[in-house]
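Report on the following structure.
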Amino acid sequence: MRAQFVMSEIGVGLRRNLTMTFAVIISVALSLALFGGSLLMSEQVGRMKGYWYDKANVSIYLCNKQDAQEAGEAAASSAGGGAGGVATCRKGAVTEEQKKQIESELKAMSLVKSVTYESADEAYKHYQEQYGHTALASSITPDQMQESFRVKLKNPEKYKVVTSAFAGRDGIHTVDDQRQAIDDLFRILNYLNMAAVGIMAIMLIVALLLIVNTVRVSAFSRRRETGIMRLVGASSFYIQVPFIMEAAVAGLIGALFACAMLVSGQYFVIDHGVGLRDKIQLIDFMGWGSVLAKLPYVLFIGLLMPSMAAFIALRKYLKV
Amino acid sequence: MIRFDSVSKSYPKQSRPALREVSLDIAKGEFVFLVGSSGSGKSTFLRLILREERASHGQVHVLGKDLAKLSNWKVPQMRRQLGTVFQDFRLLPNKTVAENVAFAQEVIGKPRGEIRKAVPQVLELVGLGGKEERMPGELSGGEQQRVAIARAFVNRPALLIADEPTGNLDPQTSVGIMKLLDRINRTGTTVIMATHDQQIVDQMRKRVIELEQGRLVRDQSRGVYGYQH
């Protein structure tokens, strides 16, 4: 009885304010899609971080003869200044002793998972495999390649420890951590995510203001009914429920649209359609589980937020 | 049933209070006319009983309850024991006669079976038997007021408040409405009716309470309208 009465009231209310209802639905849908999108984005970034951090390693390049020569020339021309060449190579190419020392020190570090040594010949071979078809590659000789240690870490976040421990030592040309480059990328992704959150916040405020306004208009257009309800002793809860439910239904529809956008985003952009998963194999894209796990949050917020807005709007409007 | 204990009411933006030091008692089963020129405080008096306003000073007791101490969430419960009728009927134009009456029961959560029984009964009582499915717009003013009275009475209130119920009706129709209110009064319902209708007050010979500029100037059992307007 009561439920049926309330349901019919809600239907009437939503139809009466059709344009406003659409405005609410669209703004709720967009803000929640952005909300879900930024949740997924930050999860994706975290995932990529883990994946790439794991793949990337710290390379310690050792001085070869050419480096030592360049460093020596530079030192001579600028009287002890560090300009040109690498100062740590000034004492000549890396010695066997230095290599052993570095390797054992690396292996002693609790942070280090594994250390592999790459000789200049191996480096040359890898280089030819990768860039063999370019003009530059043909001018490179094995002499120019550097020996290196490739270090994998147990906790990839802590690459800086290795960098600070070995950079600047004699015989070491450079310590190159690929994570530095990855970090820059992540910083950009993070900014994008923050921008999405900012847009979401603005859309959310717009949605809330629209809901407050819609509920006020709705309450005003039904003041005759609510006036009678008050007089015959309907509880204020009973008077307010249709309006709150109206907002909740509009919000829920908006949230469903937002869910549809997220699901189709996963389907058309990542899995099929644009097919990023196949095109960019370097990135470990998240799966359906991640997307589906976000939907309950979107629905919950889509239901709760408009209800709260309606409740607040009514507190002023429908006094006992 | 109703007791006013030196009740004053001032509205925030008006220097002159709407009611000043009004004290009176209305017993169960009484029929009371409330008269006075416009702005004399009649509406404020009724609004205080309905707890749409709170008294600025003094105490208002309705149905044995001190309204100043009644918390907001208990007000609806109190109002279920009151019926209200207005000059402008206040019917819902898009609902039938029966639906208008049933609305008063639906919104306080009466079970459907009870509503189905009570609505035809009360429509019969007000003389609208057979017009259940008509829309308010199709009815005459007197009939619309009967619907309003049916709606006010369907929950069998202890007190019926009528604010100029005949104000929009011609004299003959008014007589019919008054007969109906008298009949409702005879069932034991207390009736308080604010009016400007001299003829009706003079004919009915009921208790008359007169307000003038917010003061109680006359309280007379079996009174007449009493002043020229």
Which of the residues spanning the stretch A:119-167 are aromatic (F, W, Y) and either touching an Asp or Glu at 6+ places or on another chain (Cβ under 6 Å) or assigned to a helix (DSSP H, G or I) (or both)?
A:Y124, A:Y127, A:Y131, A:Y159, A:F166
Show the residue pairs meeting these rules: Cβ distance below 8 Å; 6+ apart or different chains; first residue within the stretch A:116-138 and in the same structural domain as A:E96 (by TED's automatic domain parsing); second residue acidic (D, E).
A:Y117/A:E103; A:Y117/A:E147; A:E118/A:E147; A:S119/A:E147; A:A120/A:D143; A:A120/A:E147; A:A123/A:E147; A:H126/A:E118
Tell me yes or no: at least one residue of the stretch B:145-159 is out of contact with any His (no Cβ under 8 Å at 6 or more places or on another chain), more than 14 Å from chain A (Cβ to nearest Cβ), crowded, with 17+ Cβ neighbours inside 10 Å and more than 17 Å from B:A102 (Cβ to Cβ).
yes
A:D284 vs (1) out of contact with any Phe, Trp or Tyr (no Cβ under 6 Å at 6 or more places or on another chain); (2) not in a helix (DSSP H, G or I): all pass except (1)
Could we say that A:D54 is among the charged types (D, E, K, R), in a helix (DSSP H, G or I), crowded, with 21+ Cβ neighbours inside 10 Å and in contact (Cβ under 8 Å) with a residue 24 or more places away in the chain here?
no
Test: residue in the stretch A:211-222 that is at negative phi, within 14 Å of another protein chain (Cβ to nearest Cβ), modelled with pLDDT under 85 and buried (at least 19 other Cβ atoms within 10 Å of the Cβ)
yes
Only one of A:L189, A:L208, A:L185 is of a type in the set (A, V, I, L, M) and touching a Phe, Trp or Tyr at 6+ places or on another chain (Cβ under 9 Å). Can you tell me which?
A:L185
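Going through B:S23, B:S43 one at a time, which residue ends up being surrounded by 15 or more Cβ atoms within 10 Å (Cβ to Cβ), polar (S, T, N, Q) and not in a loop (DSSP other than H, G, I, E, B)?
None of the others qualify; the one that does is B:S43.
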Could you look through the stretch A:232-281, keep only residues that are touching a helix residue (DSSP H, G or I) at 6+ places or on another chain (Cβ under 8 Å) and among the hydroxyl-bearing types (S, T, Y), and pick out the one that is nearest to the other protein chains (Cβ to nearest Cβ)?
A:S235
Where the second residue is of a type in the set (A, V, I, L, M, F, W, C) and not in a helix (DSSP H, G or I) and the first is in contact (Cβ under 8 Å) with a residue 24 or more places away in the chain and closer than 13 Å to A:A310 by Cα and lies in the stretch A:220-247, which pairs have Cβ atoms under 8 Å and are six or more apart or on separate chains?
A:I239/A:L318; A:I239/B:V107; A:Q240/A:L318; A:F243/A:L318
Picked from the stretch B:61-77 (must be among the small types (G, A, S) and more than 14 Å from chain A (Cβ to nearest Cβ)), the residue nearest to B:I26 (Cα to Cα) is B:G64
Residue satisfying condition, being outside any strand (DSSP E or B), within 11 Å of chain A (Cβ to nearest Cβ), under 21 Å from the mean Cα position of the chain (by Cα) and over 30 Å from B:R218 (Cα atoms), within set B:A102, B:A118:
B:A102
Among the listed residues B:G29, B:G109, which satisfies the condition of being within 14 Å of another protein chain (Cβ to nearest Cβ), under 23 Å from A:V232 (Cα atoms), in contact with a helix residue (DSSP H, G or I) (Cβ under 9 Å, 6 or more places away or on another chain) and exposed (fewer than 15 other Cβ atoms within 10 Å of the Cβ)?
B:G109
Looking at A:I199, is it modelled with pLDDT of 80 or more, in contact with a helix residue (DSSP H, G or I) (Cβ under 6 Å, 6 or more places away or on another chain) and not polar (S, T, N, Q)?
yes
Any idea which of (1) more than 8 Å from chain A (Cβ to nearest Cβ); (2) in a loop (DSSP other than H, G, I, E, B) is the one B:R90 doesn't satisfy?
(1)
So B:K131 passes all but one of these: (1) part of a helix (DSSP H, G or I); (2) more than 14 Å from chain A (Cβ to nearest Cβ); (3) surrounded by fewer than 22 Cβ atoms within 10 Å (Cβ to Cβ). Which condition number does it fail?
(1)
Could we say that A:T174 is outside any helix (DSSP H, G or I) and either without any contact (Cβ under 8 Å) to a residue 12 or more places away in the chain or not assigned by TED's automatic domain parsing to the domain that holds A:G37 (or both) here?
yes
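The values are calculated or read from the model by the stated rules, or taken from the named source; none is laboratory data. The model shown is predicted, which means the values in this text are computed figures rather than measured ones. Positions of Cβ are backbone-derived with ideal geometry, glycine not excepted, and every protein chain shown enters the neighbour counts.
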